[in-house]
Every structure is written in C-alpha cells, then in structure tokens.
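K.L.:
Sending over a structure as structure tokens; questions will come in a sec.
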Ligand SMILES: [Zn+2]
C-alpha cells in the first residue's frame, strides 16, 4: 500500500510507516502538488481537506483529529493491516536495515545497549531502532484497534 499524507496528518504518517506502509509525508504542498504526486507515485491520498478528497479518485478523507480514529478511518476505506513493524523509518520512510550492535553502540543509551542485541538503522537519516518498550506500546495499541483487512 503506497500512501500520501497531507501535511495535517504527521502522526498518522508515522504510524503508517511503523506498520510498514510506504508513506510519503511531504512538506506543506499545494493541492495541485499533492494531486500530481499521488498520481505520479501511485499513492492513495489521505487528506483532511474535503474538497481535495472529492477531486482525487481513490482519496480518503480523514475527519477525526484523534490518531486512533484516523487509523480506523483509513482501515474502513482501504485494506490496512500491520505489514511489517520496524521495517521503515518513521521519520523519513526509508527502509531500515539490521545493524550489528557494535556499529550503533555509541548511538543508543547505555540501558538500551545492555538490554538489546538487535538493532536497525535508517540508511538515509541514521536513526537507530530497537524493539524497546516504545515499540511494545505501539504494537499493543495497534492490537487494540483490531484492524481487519
Ligand atoms: Zn530515516
């Protein structure tokens, strides 16, 4: 599922990336720019803008400001499941890669280094990921949403 979030949907974009979906979240862009990008890259446009959503075939209008409600709104419109958590950088959407612990040891807090042996790193922005308590909480939250697709 390739997705394009308008600039009002930053949290939603991060969560969709966490779920493993290829999610573009450009800087504020004109409607024309969003329409062109969605078409050129074959992405489903998610937008809070009613008129824009009506103009773009297949676009999903997001009504809620609540993150979990937003995820439900997307799931009601398109098949949306948890593809592969920890496969995409939540910051820049690049595919993250396994990183040997010794290559990230200076980049993570001591406690994390002591408790974890598996790490991933974003080749684009350098952010380091691990399956810590934050990860567990996100998975729990997604499980509670009970997405069916
Ligand atoms: Zn990144």
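The values are calculated or read from the model by the stated rules, or taken from the named source; none is laboratory data. Bear in mind the structure is a predicted one, so any value in this text is a computation, not a measurement. Here Cβ is always computed from backbone atoms with ideal geometry, including for glycine, and neighbour counts include all displayed protein chains.
K.L.:
Here is a list: 60, 56, 82. Which entry is within 17 Å of residue 11 (Cα to Cα), more than 16 Å from the ligand (Cβ to nearest atom) and in the same structural domain as residue 18 (by TED's automatic domain parsing)?
P.N.:
60
K.L.:
Scan segment 126-149 residue by residue and report those that are exposed (fewer than 12 other Cβ atoms within 10 Å of the Cβ) and within 21 Å of residue 94 (Cβ to Cβ). Quick ask: steps written out before the conclusion?
P.N.:
Filtering segment 126-149 down to residues exposed (fewer than 12 other Cβ atoms within 10 Å of the Cβ) leaves 133-134, 136-137, 140, 143-144, 146, 148-149.
Across segment 126-149, the qualifying residue is only 134.
K.L.:
For the structure I just gave you, tell me whether residue 68 is farther than 19 Å from residue 8 by Cα and either touching a residue at least 24 places away in the same chain (Cβ under 8 Å) or touching a strand residue (DSSP E or B) at 6+ places or on another chain (Cβ under 8 Å) (or both). Give the steps one after another, and end with the answer.
P.N.:
On the way: farther than 19 Å from residue 8 by Cα: no; either touching a residue at least 24 places away in the same chain (Cβ under 8 Å) or touching a strand residue (DSSP E or B) at 6+ places or on another chain (Cβ under 8 Å) (or both): yes.
When the stated conditions are applied, residue 68 does not pass them.
K.L.:
Going through 88, 95 one at a time, which residue ends up being modelled with pLDDT of 90 or more, within 16 Å of the ligand (Cβ to nearest atom) and either out of contact with any strand residue (DSSP E or B) (no Cβ under 9 Å at 6 or more places or on another chain) or within 14 Å of residue 3 (Cα to Cα) (or both)?
P.N.:
88
K.L.:
All but one of (1) closer than 27 Å to residue 123 by Cβ; (2) surrounded by fewer than 18 Cβ atoms within 10 Å (Cβ to Cβ); (3) away from the ligand (no atom under 16 Å from the Cβ) hold for residue 46; which doesn't?
P.N.:
(2)
K.L.:
Something else now. Go through 140, 102, 118, 69 for me and flag whichever is at pLDDT 90 or above and under 22 Å from residue 3 (Cα atoms).
P.N.:
On the way: 140 fails: under 22 Å from residue 3 (Cα atoms); 102 fails: under 22 Å from residue 3 (Cα atoms); 118 fails: under 22 Å from residue 3 (Cα atoms).
Of 140, 102, 118, 69, the one residue that is at pLDDT 90 or above and under 22 Å from residue 3 (Cα atoms) is 69.
K.L.:
Looking only at helices (runs of 4 or more DSSP H) that fall completely inside segment 12-115, which ones have 3 or more residues that are under 28 Å from residue 136 (Cα atoms)?
P.N.:
Once the helices (runs of 4 or more DSSP H) in segment 12-115 are filtered for at least 3 residues that are under 28 Å from residue 136 (Cα atoms), what remains is 67-77, 101-104, 110-115.
K.L.:
Return the residues of segment 116-131 that are over 18 Å from the mean Cα position of the chain (by Cα) and either more than 16 Å from the ligand (Cβ to nearest atom) or in a loop (DSSP other than H, G, I, E, B) (or both); say none if nothing qualifies. Spell out the reasoning first.
P.N.:
We begin by selecting, within segment 116-131, every residue over 18 Å from the mean Cα position of the chain (by Cα); these are 116-119.
Within segment 116-131, 116, 117, 118 qualify.
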